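Structure record follows, encoded as structure tokens.
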Amino acid sequence: MYNLLISIAGLVAVTLLTGFAVGGGELRIAYGIVPGLIVFVGLYIYLARRSMKAVQDIVGRAQTDLQANRIDRGIEILKEAYAVGKWQFFVTSQVDGQIGTVLYMSQRFDEAEPFLKRSFKRNWVSRAMLGTLLYKRKRYDEMEKVFEEAVLANKKEALLWNIYAYCMWKSGQRDKAIKVLNRATEKLENDERTEKNLKALQNNRKMKMRGWNLMWYQFHLDRPPAQRQQAQFRRR
């Protein structure tokens, strides 16, 4: 927000100054528009990059704690980036997405939900996590709406399309899941895993998601192999 306002102020100032200078004391705005626009674009790019650099520095510090499993400490550091959100558009929603993702992966689903709801729509991981959370809570209409928004904003993300179809299939809506994957094959060129899952559903077989490995398991819709083995051992 502030970055845009400052850039607009620069645009106006340069336009007026140039208009007066070229006009010999009389205001001729037409002469100042091009220099004003150049200053506007250059200034906005500089300020936006400075803001994103500040966010990257905060995220870097937070990662040290998150990787050491100091989740709450890492989240508090991430929240420092909210201050940058006053300067640059979309920073706040991106930070919300980061925090929501961390909480979801930590299986703190109740805490994650409000952050995921506010996350940036182009952050497909956080939007997919919101969709899966709504699936787990059997709020299927809300789930579908979230996934629809996510795939419209991220048409080339194969795993997103497949998670959408998986949640539809698991919620007893196989026909809708098939339609989702049919749409996915139109957006994704020769994506083998998507095509295999589509054929599986068409033949009333199970979808196979484990080929995405850790990217799949982070959504907590399936257990990683080691956890499954531990569960089987406990049952025996």
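The values are calculated or read from the model by the stated rules, or taken from the named source; none is laboratory data. Computed from a predicted structure; not experimentally measured. Here Cβ is always computed from backbone atoms with ideal geometry, including for glycine, and neighbour counts include all displayed protein chains. Each accessible area value is taken on the protein alone, full model and side chains, heavy atoms only, with ligands, DNA and RNA left out. Shrake-Rupley method; radii C 1.70, N 1.55, O 1.52, S 1.80 Å.
Inclusion of TYR135 among residues that are among the hydroxyl-bearing types (Ser, Thr, Tyr), open to solvent by less than 20 Å² (accessible area, probe 1.4 Å) and more than 27 Å from LEU47 (Cβ to Cβ) is not warranted. Here the helices (runs of 4 or more DSSP H) wholly within the stretch 1-99 that include at least 3 residues being basic (Lys, Arg) and open to solvent by 80 Å² or more (accessible area, probe 1.4 Å) are 29-67.
Among the residues of the stretch 124-143, those identified as free of Cβ contacts under 8 Å to residues at least 12 places away in the same chain and not in a helix (DSSP H, G or I) are ARG137, ARG139. Would you pick out the residues in the stretch 197-211 that are within 22 Å of ALA150 (Cβ to Cβ), modelled with pLDDT of 95 or more and either open to solvent by 50 Å² or more (accessible area, probe 1.4 Å) or not in a loop (DSSP other than H, G, I, E, B) (or both)? Scanning the stretch 197-211 gives ASN197, LEU198, LEU201, LYS208.
Residue by residue, here is whether (1) more than 21 Å from ASN213 (Cα to Cα); (2) of a type in the set (Ser, Thr, Tyr); (3) within 14 Å of the chain's Cα centre (by Cα) holds:
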{"position": "ARG137", "(1), (2), (3)": "yes, no, no"}
{"position": "GLU149", "(1), (2), (3)": "yes, no, yes"}
{"position": "ILE178", "(1), (2), (3)": "yes, no, no"}
{"position": "ASN190", "(1), (2), (3)": "no, no, no"}
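Residue-by-condition table, conditions (1) touching a residue at least 24 places away in the same chain (Cβ under 8 Å); (2) farther than 15 Å from SER126 by Cα; (3) in contact with an Asp or Glu (Cβ under 8 Å, 6 or more places away or on another chain):
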| site | (1), (2), (3) |
| --- | --- |
| ILE33 | no, yes, no |
| TYR44 | yes, yes, no |
| VAL55 | yes, yes, no |
| GLU76 | no, yes, no |
| PHE90 | yes, no, no |
| GLY97 | yes, no, no |
| LEU103 | yes, no, yes |
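Looking across the stretch 142-196 at every residue that is out of contact with any Gly (no Cβ under 8 Å at 6 or more places or on another chain) and of a type in the set (Val, Ile, Thr), the one that is most open to solvent (accessible area, probe 1.4 Å) is identified as THR185.
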